[in-house]
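Before any comments, here is the structure.
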Amino acid sequence: MSRTALRICPLCEATCGLTLTLADGAVTGARGDREDVFSRGFICPKGAAFGALDSDPDRLRGPLVRRDGRLREATWEEAFAAVAAAVPALVQEYGAQSAGVVLGNPNVHTMAGALYPPLLLKSLGTRNLFTASTLDQMPKHVSSGLLFGDPFAIPVPDLDRTDFLLLLGANPVESNGSLCTAPDFPGRLKALRARGGTLVVVDPRRTRTAALADRHLAPRPGSDALLLAALAHTLIEEKLADPGALAEHCDGIGELGAALGSFTPEAVAPACDLTAAEIRTLARELAVAPTAAVYARIGSCTVEFGTLASWLVDVLNILTGNLDRPGGALFPLSATAPASRPAGPGKGFALGRWSSRVAGHPEVKGELPMAALAEEIETPGDGRIRVLLAIAANPVLSAPDGDRLDRALAGLDFMVSVDPYLNETSRHAHVVLPPPPPSQSAHFDFAFNGFAVRNQARYSPAALPTEDGRMDECEIHARLILAVSGLHGAPPGVVDERVIADSLARAVADPHSPLHGGDPQELARLLTGRTGPERRLDLMLRTGPYGLTLDDLRQAPHGIDLGPLRPRLPGVLKTRSGRIELLPDPIAAELPKLRAALADRPAALVLVGRRHLRSNNSWLHNVPSLTGGSNRCTLQVHPQDADRLGLVDGGHARITADGGSLEVPVEVTDAIRRGVVSLPHGWGHDRAGSRLSVAAAAPGVNVNQLLDGTRRDRLSGTAVLNGFPVELTPLP
Ligand SMILES: Nc1nc2c(c(=O)[nH]1)N[C@H]1C(S)=C(S)[C@@H](COP(=O)(O)OP(=O)(O)OC[C@H]3O[C@@H](n4cnc5c(=O)[nH]c(N)nc54)[C@H](O)[C@@H]3O)O[C@H]1N2
Ligand SMILES: Nc1nc2c(c(=O)[nH]1)N[C@H]1C(S)=C(S)[C@@H](COP(=O)(O)OP(=O)(O)OC[C@H]3O[C@@H](n4cnc5c(=O)[nH]c(N)nc54)[C@H](O)[C@@H]3O)O[C@H]1N2
Ligand code: SF4
Ligand SMILES: [Mo]
């Protein structure tokens, strides 16, 4: 007998609703849920492979504990007892800073990852937090923090209503979008063109997204900040800037012209390898479009001037009057956002409140750069990281210089991995705690609803019961928190009940909360969830801006549509001035470095990454239906570069950069511009002790081995992963 169940897909930021077919306690099929209020039936090959991924035989079924140097199967009780025996004692002996926490990307795709890491950090009392953000979007958090006072106030392009979309360094036809949650991104781009709108794509590769565009510009990688500065300059110089009603919310508009003075199209054109005329035309088009949105992602973030580029994106949206208006770029409002408060001055956003121990890297949003993790483990002295908790993180492949990190992890006194796979990183753990497959967990998108192109709320209860011998990931996190806090053995529910009690105490005392003046105990009894995390979700919904409850979501299994994005200024602002701070000091201080970069001689050959529709960072190469075909770890080279360097399609090359060298198969293609090569990340599955049988058969190479981690976006600590110089030599 088969039945169906609905499940929001956790594999990318599009959050599509899936209809799973279930038989004999397993997922036998997945299709798009046509009634889903947001995704309306859209699905991609990864979502369609949900069943195969869910039942991957290499997924760990139970915990592993290291004994006599080897990881062996153990009971959950033994696993948490091992954590409880090791971590509090080490922290007691060496201090709170001897513990480090690494949070990887899938934490934004699980309820556990949203609800528990803040509590874990608080229990440990450490400042050594490293996350995928400093390999990704941290520049955007910093620019939003500085502009709007809130690092999470990230405007998203109003895809469904805009007349003009300028998209830089993103390939949503393959990635399905990022910091812009939009199921069927490709369909929405086609709809934009069908309604007479314009799409301009800026990417050194002719991607599938670029193929949909009215115009594709292929500048030199790393030059987006210059291009965007020249666009802003042109708007000001040609008197095309018209912030309209935004002007009353902005400080610093007047100073912007002088700050960007030297970035004329003529000055930046050689560095970008575009013509000044192309840049001026683009600025004029942006200015005259009835509505327009500028949107930039990975290719503009993980570069040397990532924060400046991220800032300039919003500067352009402001100068053209498009920020916070329909058809422009708006701030979403998720159902679990804290209740809004009256506009006015806020706490602001500070950088560098503390620094890393070894190299003195400034803290950003409470984090240290992932690229500094290895040195913090290796370098002797007080506060050296001896204990590491890695949750849904595979930095050995995702971060610069994986070999060094690999050695560093091997030297830890104690390491815990919360991960379904024994892979390049978790193989170093002393205890591995595997979450169940996604069919056995409930789902709510705490993170992505805040970046969605339409306000909506959807909840998926677990499609299948937790299999015998498995533990829900929320319970794993709760027990881990208890084990590191010396409370091993306490019922995991106490973790949630404490959060609920604290949140209720705050809510009833907060005059802006819908629960103001209530009785906390009474309110706690009202919460309807069957589990701790469900009760916490219920509470967040009740205190949220739409006053929803978990029951409301349960009664609407295809989701609740909360309407198109609406203007939210000045309510979102939390700067000290209570206004948009258009030219914040840290940005102004960085601009001379961008100006100086104009004089740099560009490298002859630089490398950029790429994503494939059937991949997902470092962990989807173990599903047979998602591997093979065009999803390969090849080095893409332009035909003219191949000729010049003596490389042939299907041949091999040695590629060398700061961090090391690799042997790679060459793919000659004119879909990449001259002077640029591309290698995808997340490969290199050939390390002993991993259990990834499919991935190991076609391991690929780890592109991040080409980096030593010293190239960074200074303001955000984000690693440069795109546009770094490489050298190529043919191999026989
Ligand atoms: N060169 C280069 N490097 C890059 C990038 C690039 O573009 N180029 N991109 C960067 C970006 S944007 C990111 S976000 C990072 C991502 O890098 P990471 O943060 O390392 O994330 P992933 O590789 O997605 O997966 C990490 C781990 O999560 C585990 N996992 C999967 N599902 C679950 C789950 O439900 N629960 C738990 N607990 N674990 C789970 C996987 O087995 C894997 O071990 O890589 C970065 N690295
Ligand atoms: N299929 C699939 N989907 C994914 C992922 C995945 O691994 N696979 N990963 C997920 C994650 S963690 C993230 S963060 C998102 C990322 O989502 P996107 O930001 O859309 O990432 P990419 O598809 O890597 O597209 C980045 C583009 O930037 C271009 N680029 C490189 N350098 C530069 C530059 O200097 N300037 C400009 N203008 N362009 C440049 C590259 O050629 C590439 O086409 O995707 C998510 N979705
Ligand atoms: S686009 Fe993303 S969310 Fe949608 S089915 Fe594919 S992987 Fe899942
Ligand atoms: Mo990412």
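Table for the structure above
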item	result
Under the Debye formula (equal points on every Cα, no solvent term), log10 I(q)/I(0) of segment 173-300 at q = 0.11 Å⁻¹	-0.43
Label-reachable residues, segment 274-292, where backbone N falls under 15 Å from a point 7 Å from L240's Cα toward its Cβ	275-292
Karplus (6.51, -1.76, 1.60) ³J(HN,Hα), θ = phi - 60°, over segment 441-457, in Hz, Gly and Pro reported as x	10, 6, 9, 8, 8, 4, 7, 6, 4, x, 10, 8, 6, 9, 6, 6, 9
Relative contact order (%) - criterion: Cα under 8 Å, at least six apart; region: the chain	20
Pairwise centroid distance, computed over Cα atoms, of segment 179-247 with segment 451-484, Å	37
Estimated FRET transfer efficiency when R0 is 45 angstrom, pair A339-E255 (beta carbons, to 0.05)	0.85
Distance between segment 255-271 and segment 534-584 - C-alpha centres, whole angstrom	38
Spacing of the two label points (7 Å from each Cα toward its C-beta) at D600 and S355, in nm	2.3
The chain, dipole about Cα centre (Lys/Arg Cβ +1, Asp/Glu Cβ -1), debye to the nearest 20	520
Gyration tensor over alpha-carbon atoms, segment 445-533, equivalent ellipsoid semi-axes in Å	26, 22, 13
Positive-end extreme of charge dipole, the chain - chosen from P592, L626, A213 (charges on Cβ)	A213
P(r) histogram, all alpha-carbon pairs of segment 603-731 included - 5 Å bins from 0, percent	2, 11, 20, 22, 19, 15, 8, 3, 0
Stretch gain in nm, segment R576-H652, where the contour uses 0.36 nm per residue and the Cα spacing is subtracted	21.8 nm
Gain on full stretching of the segment that runs from V288 to R407 - 0.36 nm per residue minus C-alpha separation	37.3 nm
Solvent-accessible heavy-atom area per residue, rounded to whole Å², over the chain at 1.4 Å	36
Rounded percent of accessible protein surface that carbon and sulfur make up, the chain, 1.4 Å probe	52
Nearest-0.05 FRET efficiency for S262 and R67, computed from C-beta distance (R0 60 Å)	0.40
Inter-label distance for T4 and T710, nm, one decimal - labels placed 7 Å from Cα along Cα-to-Cβ	5.7
E467 paired with L731, simple spin-label distance in nm, labels 7 Å along Cα-to-beta-carbon	3.8
Cα-Cα over 29 Å, subset of K122/K347; K140/K593; K239/K365; K190/K239; K365/K593; K46/K140	K239/K365; K190/K239
Among G327, C9, V637 the positive-end extreme of the charge dipole of the chain (Cβ point charges)	G327
Whole-Å semi-axes of the ellipsoid equivalent to segment 534-596 (Cα gyration tensor, √5λ, descending)	40, 14, 13
Formal net charge of residues neighbouring E238 (Cβ-Cβ distance under 14 Å; K, R +1; D, E -1)	-1
Descending semi-axes in Å of the chain, equivalent ellipsoid built from Cα gyration tensor	37, 32, 26
Mean separation of Cα contacts under 8 Å, 6 or more apart, over the residue count of segment 3-54: relative contact order %	30
Neighbour-limited loop hits for GluC sites (Glu not before Pro), segment 213-291 (at most 12 other Cβ within 10 Å; DSSP other than H, G, I, E, B)	E238
Estimated FRET transfer efficiency (E77, R208; beta-carbon r; R0 41 Å; 0.05)	0.25
Relative packing of 372-378, 491-497, 521-527, which averages over residues the other C-beta atoms within 10 Å, highest first	372-378, 491-497, 521-527
Spin-label zone in segment 552-581 - amide nitrogen under 17 Å from a point set 7 Å from the Cα of T528 along the C-beta vector	552-561
Charge dipole (the chain, unit charges on Cβ, about Cα centre) - positive-most of I298, G348, A604	I298
Prolate/oblate/rounded label for segment 3-54 (Cα gyration tensor, a/c 1.5)	oblate
Mean-position separation - Cα centroids, segment 627-670 and segment 349-367, in angstrom	38
Loop sites in segment 274-360: trypsin sites (Lys or Arg not before Pro), DSSP, at most 15 other Cβ within 10 Å	K347, R353
Order by protection proxy (mean Cβ within 10 Å, highest first), peptides 332-340, 623-631	332-340, 623-631
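The values are calculated or read from the model by the stated rules, or taken from the named source; none is laboratory data. Bear in mind the structure is a predicted one, so any value in this text is a computation, not a measurement. FYI the Cβ positions are ideal-geometry reconstructions off the backbone, even for glycines, and counts take in every protein chain you see. For the accessible areas, the whole protein counts, side chains as well, though only heavy atoms, and no ligand, DNA or RNA atoms are used. Shrake-Rupley method; radii C 1.70, N 1.55, O 1.52, S 1.80 Å.
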